[in-house]
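Student: The structure under discussion is supplied below as structure tokens; questions concerning it will follow.
Throughout, read-outs are computed from the coordinates displayed, never taken from laboratory work. None of these values were measured; they are calculated from a predicted model. Neighbour counts are summed over all protein chains in view; Cβ atoms, including those assigned to glycine, are modelled from backbone coordinates with ideal geometry.
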């Protein structure tokens with residue numbers, strides 16, 4: 001690699017991140033490594049370290065020493081630059097200047113370093129703390145030597161390697177390091193051991209169209225001292241304190257697309273700018289109401305419910321004929337007006353609402369208060385109906401067989417009707433139609449007196465008695481003569 005390419009790479013890294021010392025970290029120190037050169041299953045290349053722009057993370061799918069022995073074996077037709085044990089031990093099999101056969105894709109092999117980690121891609125035990133720290137120290141050392149940015153674009157898993165045919169996972173479609181590998185933790189450790197902190201700022205706004213007052217925040221790296229919030233190139237707010245934020249009132253903007261940017265400044269010549277395009281789409285702020293219609297005849301009390309449309313309301317003022325009656329700042333917005341003392345004729349109900357983003361909407365409803373109606377003449381009080389038995393379903397002299405439905409029709413206000421057979425109460429009913437099921441077949445043949453006794457609500461009694469006949473059961477033929 002020529003001097004010019006080294007300078008270009010160094011400039012690219014400087015544009016991507018600013019290097020500052022991290023307390024308690026030996027920046028870019030090489031961890032202890034055991035050198036066990038492989039047996040020929042790699043390609044000698046004499047590549048300079050600056051040509052490395054990828055680190056590929058692998059999982060061995062086996063034990064540490066078993067994997068080391070296999071990767072040293074020429075029959076494996078596979079190799080890796082490093083293998084990291086679960087206890088944090090590191091073994092190097094291929095020199096960094098040579099090309100290891102680890103990715104299953106020659107273009108990736110040419111420009112990358114492969115690091116194997118003892119374990120299983122979908123194993124239940126994941127990966128250990130010593131393993132993360134040892135691998136991160138090694139990767140940090142490689143990244144600083146090669147001027148490689150520490151991002152998820154330069155640190156990739158085996159599953160992200162192209163297969164040359166539009167797929168991923170290399171020629172054998174590997175899926176390691178799998179879901180148990182913690183990329184966020186790993187890259188944090190690599191940056192820590194590399195002794196760098198990325199100077200960065202990111203805009204954070206809600207997804208989708210922006211409406212009303214939007215919380216616009218800036219996620220900034222520790223060195224950022226202030227953040228400028230920019231809309232289409234115009235600075236609308238500067239925040240000097242964390243968390244950097246700005247309440248953007250989109251109601252002050254026309255509905256269209258905008259570019260929002262955050263400009264994070266750490267000091268002279270040290271800054272970062274990032275932005276994204278958004279769409280402002282505020283709905284018209286208006287009011288709807290229920291409980292009163294224009295020009296309606298007003299009842300004695302009007303109960304008006306008002307609902308904002310297009311944006312939340314911060315405040316509503318209710319007036320009648322220009323006179324303030326009520327102020328409400330919380331939904332549901334309910335207003336009441338009594339017309340008892342209002343003059344007959346036209347009156348105007350008006351609600352003026354202010355939205356949370358400062359817009360104003362008005363709802364005007366003219367109503368008519370009618371003249372009071374003439375007092376009605378008192379209605380004559382109906383005379384009470386005297387308590388009486390109007391009729392029965394059983395008549396005097398009737399022959400009764402089997403189950404007889406005994407119904408009693410009553411005039412006036414009755415409390416209950418009692419049913420007596422031969423002077424003995426057999427039952428009662430408390431609601432019309434007053435009925436009782438009498439089993440005549442269970443009575444002795446002959447005449448029986450049936451009395452319906454009505455108990456009035458005022459304590460009066462009315463009763464009526466009829467006489468019925470229960471016939472004797474029919475005679476059956478006797479047994480046959482022998």
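Student: Please compute the length gained on full extension between residue 183 and residue 69, using 0.36 nm multiplied by the number of residues separating them and subtracting their Cα-Cα distance. Working shown, then result.
Tutor: On the way: separation 114, 0.36 × 114 = 41.04 nm, distance 2.77 nm.
Extending this stretch completely gives an extra 38.3 nm.
Student: Counting only Cα, what are the radius of gyration and maximum Cα-Cα distance Dmax of the range 356-421, in Å?
Tutor: When restricted to Cα atoms, the range 356-421 yields Rg and Dmax of 30.7, 91 Å.
Student: Still on this structure, I have one more. May I ask you to list the residues of the range 421-444 whose amide nitrogen lies under 16 Å from a point 7 Å from Cα along the Cα→beta-carbon direction of residue 401?
Tutor: Inside the label zone: 439-443.
Student: Let me ask something else. Using R₀ = 41 Å, calculate the FRET efficiency as 1/(1 + (r/R₀)^6) where r is the Cβ-Cβ separation of residue 426 and residue 381; round to 0.05.
Tutor: Approximately 0.60, to the nearest 0.05.
Student: Also, quick follow-up: Would you work out the relative contact order for the range 388-470, in percent, from Cα pairs under 8 angstrom that are 6 or more residues apart?
Tutor: Value for the range 388-470: 36 percent.
Student: I would also like to ask the following. To one decimal place, what orientation-averaged projected area in nm² is obtained for the convex hull of the Cα set of the range 134-233?
Tutor: 10.4 nm²
Student: How big, in percent, is the set of alpha carbon pairs in the range 388-470 lying more than 18 Å apart?
Tutor: Numbers: 1170 of 3403 pairs.
When all Cα pairs of the range 388-470 are counted, 34 percent exceed 18 Å.
Student: Taking 0.36 nm per intervening residue step and subtracting the Cα-Cα distance, what contour gain separates residue 279 from residue 36 on full extension?
Tutor: My answer for the length gained is 81.7 nm.
Student: Using the basic label-point model (7 angstrom from Cα toward the beta carbon), what is the residue 411 to residue 338 distance in nanometres?
Tutor: Each label point lies 7 Å from its Cα, and together they span 4.7 nm.
Student: In degrees from 0 to 90, rounded to the nearest 10, what is the angle of the helix 3-16 Cα long axis to the longest principal axis of the chain?
Tutor: Compared with the principal axis, the helix lies near 30 degrees.
Student: So for 207, 118, 399, 160, fewest C-beta neighbours within 10 Å to most, what's the order?
Tutor: 207, 399, 160, 118
Student: When the scattering of the range 286-369 is computed by the Debye formula from its Cα atoms alone, each counted once and equally, what is log10 I(q)/I(0) at q = 0.14, 0.15 Å⁻¹?
Tutor: Ignoring solvent entirely, the Cα scatterers give -0.43, -0.49.
Student: May I ask for the distance between the Cα centers of the range 418-472 and the range 234-309, given as a whole number of Å?
Tutor: 81 Å
Student: Direction-averaged shadow area of the convex hull around the Cα atoms of the range 238-329, nm²?
Tutor: The number I arrive at for the range 238-329 is 10.0 nm².
Student: Moving to a separate point now. Write down the radius of gyration of the chain and its Dmax, each obtained from C-alpha positions, in Å.
Tutor: 47.4, 140
Student: Another question, if that's okay. Hey, rough spin-label estimate for residue 314 and residue 435, points 7 angstrom out along Cα→Cβ, what's it come to in nanometres?
Tutor: Modelled inter-label distance: 7.0 nm.
Student: Related question: Mind checking Rg over Rh on the range 338-482, alpha carbons, Kirkwood formula for Rh?
Tutor: In the range 338-482, Rg relative to Rh is 1.55.
Student: Quick one: give the max-minus-min coordinate of the C-alpha atoms of the range 201-279 along each principal axis, largest first, in Å.
Tutor: Largest to smallest, the principal-axis extents are 36, 20, 19 Å.
Student: From the helices alone, meaning DSSP H stretches of at least four residues, give me the mean residue ellipticity at 222 nm for the chain, per-run term -39500 (n - 2.57), in deg cm²/dmol to the nearest 500.
Tutor: Working: 5 runs with 59 residues, N = 482.
Helix-only estimate at 222 nm: -4000 deg cm²/dmol.
Student: Continuing with the same structure: Compute the FRET efficiency between residue 120 and residue 325 as 1/(1 + (r/R0)^6), taking r as their Cβ-Cβ distance and R0 = 60 Å, and round to the nearest 0.05.
Tutor: It comes out at approximately 0.25.
Student: Still on this structure, I have one more. Show me, bin by bin at 5 Å from 0, the whole-percent P(r) of the range 50-207 based on Cα pairs.
Tutor: 2, 9, 18, 23, 21, 14, 7, 3, 1, 1, 0
Student: Taking the Cα centroid of the range 319-362 and of the range 60-134, what is the distance between the two, rounded to the nearest whole Å?
Tutor: Cα centroid to Cα centroid, the span is 75 Å.
Student: Sorted by packing (mean other beta-carbon atoms within 10 Å per residue), highest first, where do 211-219, 324-332 land?
Tutor: Final packing ranking: 211-219, 324-332.
Student: Provide the FRET efficiency to the nearest 0.05 for the residue 469-residue 393 pair, computing r from the beta carbons and using R0 = 22 Å.
Tutor: E between residue 469 and residue 393, to the nearest 0.05, is 0.85.
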